[in-house]
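Report on the following structure.
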Amino acid sequence: MPAPTPTQKIDQLRQELNDVWLAFTRDENAGKAARENAEYRFKELRSNDDKQGEKVNALEQRYYELTNKLVAFDERIKSLEKQSDRHWQVWLALGAAIVALLVAFLKK
């Protein structure tokens with residue numbers, strides 16, 4: 001089973017957060033210890049949610065940086081391919097010119 005993605009983790013943490021919040025607000029007559037436990041769990045889940053959100057933002061930023069680099073590499077490769085094609089064409093034309101000169105020289 002693959003590991004959950006950061007977005008899935010965030011969704012899971014939000015669901016847990018909602019469950020804790022509902023339990024906290026529904027049971028107004030709960031004891032002080034239960035309320036403190038729910039508050040602690042709520043804060044813990046909120047902290048985890050914030051941390052996962054930061055991780056997702058960092059990964060998105062890295063994704064955009066790498067995408068930009070990939071675009072730059074693709075442009076560079078296309079430029080090198082064009083340059084290589086030009087060099088090949090020059091050598092091909094030069095070879096044809098030499099053959100034509102040889103044929104003309106040998107016909108005389």
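Summary table
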item: Simple Cβ-charge dipole of the chain, Lys/Arg +1 and Asp/Glu -1, about Cα centre, in debye nearest 20; result: 920 debye
item: CD proxy at 222 nm, helix term only [per DSSP H run n ≥ 4: -39500 (n - 2.57); per residue of the chain; nearest 500]; result: -33500 deg cm²/dmol
item: Crossing angle, helix 6-26 versus the chain [Cα axis fit, 0-90 degrees, rounded to tens]; result: 10 degrees
item: Label selected from [x] 1.89; [y] 0.97; [z] 1.67, the criterion being Rg/Rh (Cα atoms, Kirkwood Rh) as computed here; result: [z]
item: In segment 6-76, lysine pairs with alpha-carbon atoms under 20 angstrom apart (chain gap of 8 or more, or interchain); result: 6
item: Relative contact order %, the chain, counting alpha carbon pairs below 8 Å whose residues are six or more apart; result: 28 percent
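Just so you know, all these numbers are worked out from the coordinates, no wet-lab data involved. Keep in mind that what you see is a predicted model, and the values were worked out from it rather than measured. Quick reminder, even Gly has a Cβ in these numbers, built from the backbone with ideal geometry, and neighbours come from all protein chains shown.
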